[in-house]
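The values are calculated or read from the model by the stated rules, or taken from the named source; none is laboratory data. Small disclaimer: the values here were computed from a predicted structure and weren't measured. Cβ placement follows ideal geometry from the backbone for every residue including glycine, while neighbour counts extend to all protein chains displayed. Surface areas here come from the heavy atoms of the whole protein model, side chains and all, with no ligands, DNA or RNA. Shrake-Rupley method; radii C 1.70, N 1.55, O 1.52, S 1.80 Å.
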Amino acid sequence: MKKYLVAAAVVAAAALTATPALAATSATRAAAFAKPAVAAAAAPHAAEPAVAAAPVSAVRVVRSGERVDAGGGFTVWLTPDGKHWAGADGFENFRSVVDGNIDPSQPGVSHQSEGDATGSFHSGLYYGTRKAGKVVLTGADGRKTTATLLELPGHPGWGVWYAHRDGSSKGVGVALYDRNGRLLTELPPF
């Protein structure tokens, strides 16, 4: 901290010997640098204030083609052309993001599911936003399940979500929220 005070004093001294316009600029800069050092010097044992961090995203960034174990025998992976997934039977499925069936100019969400009365696997796309925060599934009983979100590097404006739920896949609605918890779009139960 002492080095900042010394640096501020050197800048201030240089400002006094400079031309008036330069002196004002140098003094302003010296004051800007001196304030944090003085505040820290007043409370030497206090923790320094943390710089405001960017909101933490719940989105996991994965490489193109990276296979993600989605649990229950399901695997999910993303490529630039869309979402791929396979169940325990090994049969591969695909949902395109480039075939014109989604409108990336506005927030949207899709929903695919498979399972039986004992449990179901749900997945889909979210798109039209670079600020996705979470996808929540709500069952007919009102029970909510938060999905896992995956995205390719570079914030492409779309990603994939998946979740497991006990019981049938019928009557499940899907909602997409931004990082501040604001509802962006939703699909009613089907």
Calculated Rg and Dmax of the stretch 76-130 using C-alpha coordinates, Å
12.6, 37
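Heavy atoms only, probe 1.4 angstrom, no DNA, RNA or ligands counted: give me Thr138, Thr118 ranked by accessible area, highest first. Provide the component values of the computation, followed by the final result.
Working: Thr138 40, Thr118 110 Å².
Ranked from most to least accessible, the order is Thr118, Thr138.
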Distance between modelled label sites at Glu92 and Arg182, nm, 7 Å Cα→Cβ extension
3.9
Kindly state, to the nearest 0.05, the FRET efficiency for Ser64 paired with Ser105, given R0 = 25 Å and r defined as their beta-carbon distance.
0.60
Quick tally, 1.4 Å probe accessible area for Tyr177, Tyr162, sorted with the most first, runs Tyr177, Tyr162
Once both label points are put 7 Å beyond Cα along the C-beta direction, the Asp141-Gln112 separation in nm becomes 2.7
Leaving ligands, DNA and RNA out of it, work out the accessible area of Ser110 with a 1.4 Å probe and give it in Å² to the nearest 10.
10
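Do me a favour and compute the ellipsoid semi-axes for the stretch 81-174 from its Cα gyration tensor, root of five times each eigenvalue, largest one first, whole Å.
Working: eigenvalues 105, 52, 24 Å².
Gyration-tensor ellipsoid for the stretch 81-174: 23, 16, 11 Å.
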Could you work out the relative contact order of the stretch 80-190, using alpha carbon pairs under 8 angstrom and six or more residues apart, expressed as a whole percent?
26
